[in-house]
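Shown next, in structure tokens, is the structure this report addresses.
The values are calculated or read from the model by the stated rules, or taken from the named source; none is laboratory data. These numbers were taken from a predicted model, which means no experiment stands behind them. In this analysis, Cβ positions are derived from the backbone assuming ideal geometry, glycine residues included, and neighbour counts consider all displayed protein chains.
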Amino acid sequence: MELNTKMSIRTKHHLDVQMAWWTMQGLGENGKEWDDASKIAAIHNAGFTGICGFLPEEEKAQWWQQALSDHQLHFSVNAYPSSLDDFKGFLEKVHAYEGKVSFINAQVMTPFLVGDQAGELLQSMHDAADEAGVPVYIETHRGTITQDLLRTVSYVNCHNNLELTIDFSHYVLAGEMKTISAEAETLLQVLLNRTASIHGRISNGEQIQVDVSHPNNDDFLRWWTEGMRKWRRTATEGSYFPFVCELGPPPYALIGQSEEEEKAQRWEQSLVMASLARQAWEKSI
């Protein structure tokens with residue numbers, strides 16, 4: 001009976017392992033960066049099922065739609081609004097993609113907006129996205145409306161429909177969480193109840209992005225697994241859960257190795273990150 005139950009859950013939902021387009025910056029072969037077509041082909045051939053990127057310029061929109069379709073890749077986009085008007089303008093551009101955008105990952109660029117005003121902005125963005133028919137997930141990110149862990153927990157407690165892109169590397173770094181206290185864990189678990197997607201990156205509490213084999217990955221794997229498990233409880237049948245492998249290039253990444261070595265490591269580490277995401281998905285059943 002237990003085996004049958006797990007098989008049922010396994011087929012009900014799907015994991016969508018996306019590659020961040022930002023990660024592809026500078027990657028290529030023989031000292032030459034790949035063009036967009038080669039990057040998309042490399043992402044597809046490596047087993048990724050989607051891309052998290054940016055809305056292409058109007059003249060490239062049709063080409064992008066065709067390339068994504070040819071490789072059967074999902075497409076999510078990043079937005080950086082500072083106001084409701086900013087976000088509504090972005091939604092108009094998304095509408096031109098006629099349902100090709102699976103969701104919007106929003107970094108709300110108002111780090112000093114707090115309290116009721118912040119809550120009202122988040123609610124208004126959700127309502128606008130709902131009316132437009134495209135989900136918006138608010139990323140837990142430094143330098144944005146969610147830069148403070150306590151503040152973000154307060155938003156979640158006040159707004160039942162707030163959905164998050166979980167990237168706890170920002171809170172681990174901002175709080176210098178070289179070890180995770182019971183108080184921090186309690187707060188992070190509150191946010192995991194609203195997991196709608198995950199950005200894959202590991203922090204050690206001193207740097208934002210470290211090797212995926214770092215001992216801290218045990219905490220991150222645990223959080224990713226729990227976020228996926230909580231998402232499954234309410235997700236509709238046939239839904240896709242997006243996990244974005246998002247390893248930034250220098251100066252975001254630690255530098256010290258040669259430029260070519262860093263690029264090779266970034267690509268290989270992204271493949272390891274994708275494997276970790278699949279492991280977390282299996283554990284979440």
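Looking at segment 145-166 only, could you name the residues that are buried (at least 21 other Cβ atoms within 10 Å of the Cβ) and outside any helix (DSSP H, G or I)?
Those that are buried (at least 21 other Cβ atoms within 10 Å of the Cβ) and outside any helix (DSSP H, G or I): ILE145, THR146, LEU162, LEU164, THR165, ILE166.
Mind checking whether some residue in segment 108-116 is over 22 Å from the mean Cα position of the chain (by Cα) and β-branched (Val, Ile, Thr)?
We begin by selecting, within segment 108-116, every residue over 22 Å from the mean Cα position of the chain (by Cα); these are 112-116.
Narrowing the set further to residues that are β-branched (Val, Ile, Thr) leaves 114.
Checking segment 108-116: at least one residue is over 22 Å from the mean Cα position of the chain (by Cα) and β-branched (Val, Ile, Thr).
Quick check on segment 83-123: of everything there that is surrounded by fewer than 16 Cβ atoms within 10 Å (Cβ to Cβ) and small (Gly, Ala, Ser), which residue is nearest to LEU55 (Cα to Cα)?
The extreme case among them is ALA96.
Conditions (1) of a type in the set (A, V, I, L, M, F, W, C); (2) free of Cβ contacts under 8 Å to residues at least 60 places away in the same chain, marked per residue:
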| position | (1), (2) |
| --- | --- |
| GLU163 | no, yes |
| THR179 | no, yes |
| ILE198 | yes, no |
| VAL212 | yes, no |
| ASN216 | no, yes |
| PHE220 | yes, yes |
| ARG233 | no, yes |
| PRO242 | no, no |
| LEU247 | yes, no |
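Can you tell me which residue among ALA235, ALA253, ALA274, ALA280 is under 26 Å from VAL134 (Cα atoms), of a type outside the set (S, T, N, Q) and in contact with a helix residue (DSSP H, G or I) (Cβ under 9 Å, 6 or more places away or on another chain)?
ALA235
Rundown of residues vs (1) among the aromatic types (Phe, Trp, Tyr); (2) surrounded by 16 or more Cβ atoms within 10 Å (Cβ to Cβ); (3) not in a loop (DSSP other than H, G, I, E, B), yes/no style:
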| residue | (1), (2), (3) |
| --- | --- |
| HIS170 | no, yes, yes |
| LEU188 | no, yes, yes |
| HIS199 | no, yes, yes |
| GLU206 | no, no, no |
| ASP219 | no, yes, yes |
| THR236 | no, no, no |
| PRO249 | no, yes, no |
| GLU268 | no, no, yes |
| SER275 | no, no, yes |
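Please work out if TRP63 is of a type in the set (Phe, Trp, Tyr), at pLDDT below 95 and over 24 Å from GLU237 (Cβ atoms). Lay out the reasoning, then the answer.
Working: of a type in the set (Phe, Trp, Tyr): yes; at pLDDT below 95: yes; over 24 Å from GLU237 (Cβ atoms): yes.
Judged against the criteria, TRP63 is a match.
Looking only at segment 55-69, decide whether some residue is under 19 Å from THR144 (Cα atoms), of a type outside the set (D, E, K, R) and surrounded by fewer than 16 Cβ atoms within 10 Å (Cβ to Cβ).
No, every residue in segment 55-69 fails to be under 19 Å from THR144 (Cα atoms), of a type outside the set (D, E, K, R) and surrounded by fewer than 16 Cβ atoms within 10 Å (Cβ to Cβ).
Within segment 124-141, which residues are of a type outside the set (Gly, Ala, Ser), in contact with a helix residue (DSSP H, G or I) (Cβ under 9 Å, 6 or more places away or on another chain) and buried (at least 17 other Cβ atoms within 10 Å of the Cβ)?
Of everything in segment 124-141, those that are of a type outside the set (Gly, Ala, Ser), in contact with a helix residue (DSSP H, G or I) (Cβ under 9 Å, 6 or more places away or on another chain) and buried (at least 17 other Cβ atoms within 10 Å of the Cβ) turn out to be MET125, VAL134, PRO135, VAL136, ILE138, GLU139, THR140, HIS141.
Does segment 47-54 contain any residue that is within 22 Å of ILE198 (Cα to Cα), at pLDDT 95 or above and touching a Cys at 6+ places or on another chain (Cβ under 8 Å)?
yes
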